[in-house]
1. Any residue in region 270-298 that is within 16 Å of ligand 2 (Cβ to nearest atom) sitting within a Cβ distance under 6 Å of a residue that is outside any loop (DSSP other than H, G, I, E, B) and hydroxyl-bearing (Ser, Thr, Tyr)? List the pairs, counting only those 6 or more apart or interchain.
2. Please go through region 75-97 and pick out each residue that is touching a helix residue (DSSP H, G or I) at 6+ places or on another chain (Cβ under 6 Å) and among the aliphatic types (A, V, I, L, M).
3. Mind listing whichever residues of region 7-25 are away from ligand 3 (no atom under 11 Å from the Cβ) and touching a residue at least 24 places away in the same chain (Cβ under 8 Å)?
4. Among the residues of region 71-92, is any in the same structural domain as THR449 (by TED's automatic domain parsing), in a strand (DSSP E or B) and away from ligand 4 (no atom under 16 Å from the Cβ)?
5. Within the set of pairs 6+ apart or on separate chains, which have a first residue in region 441-454 that is surrounded by fewer than 24 Cβ atoms within 10 Å (Cβ to Cβ), a second that is assigned to a strand (DSSP E or B) and not aromatic (Phe, Trp, Tyr), and C-beta atoms under 9 Å apart?
6. Name the residues in region 2-41 that are within 16 Å of ligand 2 (Cβ to nearest atom) and outside any loop (DSSP other than H, G, I, E, B), would you?
7. Considering only region 42-70, state which residues are assigned to a helix (DSSP H, G or I) and touching a Lys or Arg at 6+ places or on another chain (Cβ under 9 Å).
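The values are calculated or read from the model by the stated rules, or taken from the named source; none is laboratory data. Predicted, not measured: the structure shown is a model, and the values here were computed from it. Don't worry about glycine lacking a Cβ; one is built from the backbone with ideal geometry, like all the others, and counts go over all protein chains shown.
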Amino acid sequence: MKEILTTCPYCGVGCNFYLQVENGEVKGLRPSKEHPINQGSLCPKGATVHQVIHHPSRLKRPLIKEGGSFREASWDEAYGLITEKFGSLLEKYGGESLGLLSSAMATNEDNYLAQKFARAVLKTNNIDQCARLCHASTIAGLISSFGSGAMTNSIAELADSACLLLIGSNSSAAHPIIANNFIKKALQRGAALIVADPRGIELAKRALVHLPLKPGTDIALLNTMMNYILEEGLHDEQFIEARTEGFEQLREALRSYTLERGAALTGLPAEDIKRAAELYAKRKPASIVYCMGITQHQIGTGNVISIANLAMLTGNVGRESSGVNPLRGKNNVQGACDMGVLPEYLPGYRPMGDEGARREFESAWGVRLPEYQRVIWCTRMWDEILAGRLKGLYIIGENIAISEANLSKVERALRSLEFLVVQEVFLTETAEFADVVLPACTFAEKDGTFTSTERRVQRVRKAIEPLGESKPDWLILCELAQRMGYPMDYDGPEEVMDEIRRLVPSYRGISYKRLEEGFGLQWPCPSEDHPGTKFLHKERFTRGLGRFQPVEHRPPAEEPDEAYPLILTTGRILMQYGAGSFTRRTPSLERANPENFVEINPEDARRLKIADGDRVRIISRRGEIEAVAKLADIRVGTIWMPYLYRESPANRLTNDALDPICGIPEFKACAARIEPKK
Ligand SMILES: Nc1nc2c(c(=O)[nH]1)N[C@H]1C(S)=C(S)[C@@H](COP(=O)(O)OP(=O)(O)OC[C@H]3O[C@@H](n4cnc5c(=O)[nH]c(N)nc54)[C@H](O)[C@@H]3O)O[C@H]1N2
Ligand SMILES: Nc1nc2c(c(=O)[nH]1)N[C@H]1C(S)=C(S)[C@@H](COP(=O)(O)OP(=O)(O)OC[C@H]3O[C@@H](n4cnc5c(=O)[nH]c(N)nc54)[C@H](O)[C@@H]3O)O[C@H]1N2
Ligand code: SF4
Ligand SMILES: [Mo]
């Protein structure tokens, strides 16, 4: 039996394990004991991921749709058809008529080539990925406050924080190894935990203060905490003076956020807001950990900026065990952003509109880059398709027919595309809409790197040969590019990484050779002798001075009314992942949570004559689904459900109102009602 060390393909924690291979098959896995983050442990998803690699429903040959159903085809025929269709759309309507979505589950090397393929071959800047649904507001917000959109500190530093503010992050379900190995260790060492979440999540039960706020009122909460901190003189004057700008405007804007007003807006007791503010300002160093409860709102960017304001006000950034820590969702969503799979940025966050950056990439790639005019986020693509402007789409490893907001619109758009290519491991709900399906292989069948939430670039190592005729994404992209007349040819992922290193300064020192030496390197790592960076903004912020920016509370796009009196908010559960393509095929995980449910407060349930376990209908202005009612510790007037179940997809209900700054949809608040099923 061979053991191959690699990185977990699920969440951004970046745990490492050994895949155990016998006769070309993955038979099991074993967690790495030496890895600094997982230290011998894995969550139930990572521990079972080997079970899905050889699943009988893996895509093994290209598929072409004919007369409404798929038939198998050769790679040559599939490439030929794609070349012809994309080629003719390009010729007739130009690159603006095409788009590409890439996969945050794929490697950095795959993602780098995906955006290069889009920009150089399809001649389009319509390129995006699931970060748009996830941390787009973090990138926009933290770049404007600090100059960098990444997690400021490292996972292990959380264990030494004196205070943890966990806001809109259900870490024990979504980042379990961070919760178990580091947040719980901080609690054992006496840290104060504050949890701001409308639900009584597991960690709320261990918090000194739980703030079950009304969804969408985080700015009101944070502004009120800051105003109280200022009134009590608990702010860090020295830090503000030396390291920041814009303080006076912030102070002015905060004045109206009295404890009484904050309590009224958030629905929280004033006393609890005060206690949270005092703990956060006094117990140093204090870390903020946040996630989708903050980002997935029409005011997501404003939420993120408020968090940055609070951290700077108290001097809790640029030092060990403090900071602003957005936990990245997928295994490689940090990397997909670093690689420039965003319409706003080239690799390394070089602005697409910056002439110098454009020239550099044009000369490296030997092409003219598409003009930078209109930014079409993936969340806008559906309207663009329905308006007839976007005609061809290439989707690599995203299951948008489950994961985008307001699914009925997305489905209409997918049906009206002239040509859709989906490159996938399984025939997903999205792949069903495709004209051509290309079989990609999993992480176990390829080499590359993933970048975890703490900016740790780690190796993914090939353990077995690709199953059937499936191929790694990077190779498919290279072969297709060649076929379409652009020279994109590499010996393998290491050569792709060498090109990345030449073009992205923060990756410059990260060679495959060095990655053999330990468990990855944390960017920025500007040279071969640089040890990597544990925390950011130490002596100066990436942008120079930290920038305070006042933000005002604004209610969600949809507020409860008579017809839809409840607020629906959505999210994830420990045992399932993404839109479920891997975890629903893993028997032990599927057994744990086989069907969809909706959490409801017992008081609301009594009023609506709903009992625990009843089947109910959940209805919004956009659609209706069924699920099982589960009486739970959740704010009165709020209901919550997971979004991954294809037979009961919460995104039939969600609102596709977007944050105008970054294009993230309001997954975390829409108006709904719930009725017993007759
Ligand atoms: N098991 C599992 N783990 C995962 C994933 C998965 O699918 N399954 N997906 C990965 C991905 S892609 C991501 S992005 C991360 C996401 O990880 P998280 O963001 O931690 O997960 P969510 O469940 O989306 O939302 C977190 C919490 O936000 C709360 N919330 C809802 N509305 C509000 C609000 O208005 N304000 C505040 N303060 N809180 C609110 C919810 O009650 C929920 O407990 O998880 C990653 N890890
Ligand atoms: N209502 C609601 N909706 C949400 C959210 C929410 O909180 N509420 N959260 C949003 C967030 S944060 C996210 S990140 C999205 C996630 O939404 P998606 O990105 O659509 O979800 P996944 O199921 O993770 O999709 C990844 C796909 O990649 C495939 N895959 C895996 N490895 C590879 C590979 O190496 N190559 C290729 N080509 N394919 C591969 C898998 O089979 C899978 O189908 O959902 C969003 N939708
Ligand atoms: S915590 Fe995340 S990275 Fe670690 S085993 Fe679980 S899913 Fe994988
Ligand atoms: Mo995500």
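1. Going by the 6 Å Cβ cut-off, the qualifying pairs are THR295/SER137; THR295/THR138.
2. Taking region 75-97 and keeping what is touching a helix residue (DSSP H, G or I) at 6+ places or on another chain (Cβ under 6 Å), we get 79, 83, 89, 97.
Hit for region 75-97 is LEU89, nothing else.
3. Keep residues of region 7-25 that are away from ligand 3 (no atom under 11 Å from the Cβ), which gives 18-25.
Within region 7-25, LEU19, GLN20, VAL21, GLY24, GLU25 qualify.
4. Initially, region 71-92 is screened for residues in the same structural domain as THR449 (by TED's automatic domain parsing), giving 71-92.
When the remaining residues are screened for being in a strand (DSSP E or B), the result is 71-72.
From what is left, the residues that are away from ligand 4 (no atom under 16 Å from the Cβ) are 71-72.
Yes, some residue in region 71-92 is in the same structural domain as THR449 (by TED's automatic domain parsing), in a strand (DSSP E or B) and away from ligand 4 (no atom under 16 Å from the Cβ).
5. Filtered contacts from region 441-454: GLU445/LYS471; ASP447/ARG459; ASP447/VAL460.
6. Quick first cut of region 2-41, residues within 16 Å of ligand 2 (Cβ to nearest atom) only: 6-14, 19, 26.
Once the filter is applied, which keeps residues that are within 16 Å of ligand 2 (Cβ to nearest atom) and outside any loop (DSSP other than H, G, I, E, B), region 2-41 yields THR6, THR7, CYS11, LEU19, VAL26.
7. Narrowing region 42-70 to residues assigned to a helix (DSSP H, G or I): 46-48, 50-53.
Once the filter is applied, which keeps residues that are assigned to a helix (DSSP H, G or I) and touching a Lys or Arg at 6+ places or on another chain (Cβ under 9 Å), region 42-70 yields HIS50, GLN51, VAL52.
Residues checked against (1) surrounded by fewer than 24 Cβ atoms within 10 Å (Cβ to Cβ); (2) within 16 Å of ligand 4 (Cβ to nearest atom); (3) not hydrophobic (A, V, I, L, M, F, W, C):
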site: ASP128; (1), (2), (3): no, yes, yes
site: ALA131; (1), (2), (3): no, yes, no
site: CYS134; (1), (2), (3): no, yes, no
site: ILE139; (1), (2), (3): no, yes, no
site: SER145; (1), (2), (3): no, no, yes
site: ASN153; (1), (2), (3): no, no, yes
site: SER169; (1), (2), (3): no, yes, yes
